[in-house]
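Here's the structure we're looking at; comments come further down.
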Amino acid sequence: MGRPSVSLAFLLAAVNFPGDTASARQAGSPGGHPVQAAKKLPMPGEVFEVGRHTAFLILPEPDRRAAGTPWVWYAPTLPGLPATEETWMFRRFLDAGIAIAGVDVGESYGSPAGRATYTSFYRELVDKRRLSRRPCLLARSRGGLMLYNWAVEHPESVGGIAGIYPVCDLRSYPGADRASGAYGMTPARLTEALTLHNPVDRVEPLARAGIPILHIHGDVDTVVPIEPNSAELSRRYRRFGGEMTLKVVRGQGHNMWPGWFQCQELVDFVIAHAK
């Protein structure tokens, strides 16, 4: 593999965007989401179950499908997510012949139980539905904990990883006290075992496998601060010889600014590495 490449691009953006309403902030933060009676998707797709967990699949039009359809694995899939804000990039994935899929593992915070459901979901899409064996992962917010902890155990099944202000360090969010229940441990025990479950401590297999990564993250994010998350993962990934691009967005935090979801560079990355 060639020399690692890390790029820091500073983009100008308004601190407050008019569409950042209270409900939108809730949907974009790692906090809870309103319970919905049935899964609603931002565009037509199939909702089904994998081991009693709600999953979804949005396929390209038939004339854009091929054997081993490439796909992007979106997380977190929770009530209200994916949201309408993702429509712009989802439409571009579909136009490129790429499906979008995800499964709701609740507030698992990347726990072994959540990872086991992810494996069942992967087998459903790959073995039964004949989608590509190497999806590109798209981690938004706490979806980073979920997707990274699965990916490091299955690097051969990952084409690339894209992140929108993703959580990479359990210590920064949600913290051992909140995450311990999902792990079936006391906070003290989880803290002791953190290197076994914390994405920033587990990225070496992905770097060794040559998995490309791109994150976009705001420099004033107080919910998922950039330094212990995307920036620290970037430093460690380079240390192991991995290739990662980190785009730092000035003046933006953990919000619903449209630039997160209408980033052409992220879309191009996902399309390239899903295919």
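The values are calculated or read from the model by the stated rules, or taken from the named source; none is laboratory data. In this text, all values refer to a predicted model and were calculated from it rather than measured experimentally. For neighbour counting, all protein chains shown are included, and Cβ atoms are generated from backbone atoms with ideal geometry for every residue, glycine included.
If I filter region 84-106 down to residues being of a type in the set (A, V, I, L, M, F, W, C) and part of a helix (DSSP H, G or I), which single residue comes out as nearest to residue 53 (Cα to Cα)? Can you show your working first?
Just the residues of region 84-106 that are of a type in the set (A, V, I, L, M, F, W, C), to begin with: 88-90, 93-94, 96, 98-101, 103, 105.
Now restrict to residues that are part of a helix (DSSP H, G or I): 88-90, 93-94.
Details: 88: 26, 89: 25, 90: 22, 93: 24, 94: 24 Å.
The selected residue is 90.
Can you go through 122, 165 and tell me which one is more than 11 Å from the chain's Cα centre (by Cα) and of a type outside the set (A, V, I, L, M)? Let's see the steps before the verdict.
Working: 165 fails: more than 11 Å from the chain's Cα centre (by Cα).
Testing whether each residue is more than 11 Å from the chain's Cα centre (by Cα) and of a type outside the set (A, V, I, L, M) leaves just 122.
What pairs come out if I take residues in region 54-70 that are modelled with pLDDT under 85 and pair them with residues that are of a type in the set (Gly, Ala, Ser) whose C-beta lies under 9 Å away, six or more apart or interchain?
Once the first residue is modelled with pLDDT under 85 and sits in region 54-70, its partners that are of a type in the set (Gly, Ala, Ser) give 64/96; 64/97; 65/97; 65/99; 66/97.
Any idea which residue in region 89-130 is surrounded by the fewest Cβ atoms within 10 Å (Cβ to Cβ), counting only those that are among the basic types (Lys, Arg) and at negative phi?
Going residue by residue through region 89-130, those that are among the basic types (Lys, Arg) are 91-92, 115, 123, 128-130.
Subsequent filtering for residues that are at negative phi retains 91-92, 115, 123, 128-129.
Working: 91: 15, 92: 16, 115: 20, 123: 12, 128: 8, 129: 16.
Filtering first and then ranking leaves 128.
Does residue 205 satisfy the condition of being surrounded by fewer than 24 Cβ atoms within 10 Å (Cβ to Cβ), under 19 Å from the mean Cα position of the chain (by Cα) and outside any helix (DSSP H, G or I)? Before you say what the answer is, go through the steps one by one.
Details: surrounded by fewer than 24 Cβ atoms within 10 Å (Cβ to Cβ): yes; under 19 Å from the mean Cα position of the chain (by Cα): yes; outside any helix (DSSP H, G or I): no.
Spelling it out, it is not the case that residue 205 is surrounded by fewer than 24 Cβ atoms within 10 Å (Cβ to Cβ), under 19 Å from the mean Cα position of the chain (by Cα) and outside any helix (DSSP H, G or I).
Looking only at region 41-53, count every residue that is outside any strand (DSSP E or B), touching a residue at least 40 places away in the same chain (Cβ under 8 Å) and closer than 19 Å to residue 107 by Cα and tell me the total. Spell out how you get there, then give the answer.
Quick first cut of region 41-53, residues outside any strand (DSSP E or B) only: 41-45, 51-52.
Then drop every residue that is not touching a residue at least 40 places away in the same chain (Cβ under 8 Å), which leaves 41-43, 45, 51.
Checking the rest, the ones that are also closer than 19 Å to residue 107 by Cα come to 51.
Result for region 41-53: 1.
Taking the stated definitions as given, is residue 134 under 21 Å from residue 164 (Cα atoms), modelled with pLDDT under 95 and among the basic types (Lys, Arg)?
On the way: under 21 Å from residue 164 (Cα atoms): yes; modelled with pLDDT under 95: no; among the basic types (Lys, Arg): yes.
No: the conditions fail for residue 134.
Given the condition closer than 15 Å to residue 43 by Cβ, touching a helix residue (DSSP H, G or I) at 6+ places or on another chain (Cβ under 9 Å) and not in a helix (DSSP H, G or I), answer yes or no: does some residue in region 107-114 qualify?
Looking only at region 107-114, we keep the residues that are closer than 15 Å to residue 43 by Cβ, and these are none.
Within region 107-114 (the criterion being closer than 15 Å to residue 43 by Cβ, touching a helix residue (DSSP H, G or I) at 6+ places or on another chain (Cβ under 9 Å) and not in a helix (DSSP H, G or I)), the answer is no, since none of the residues qualifies.
Only one of these is surrounded by 16 or more Cβ atoms within 10 Å (Cβ to Cβ), at pLDDT 95 or above, among the β-branched types (Val, Ile, Thr) and not in a helix (DSSP H, G or I): 271, 211. Name it. Write out each step before concluding.
Details: 271 fails: not in a helix (DSSP H, G or I).
Criteria check complete, one pass: 211.
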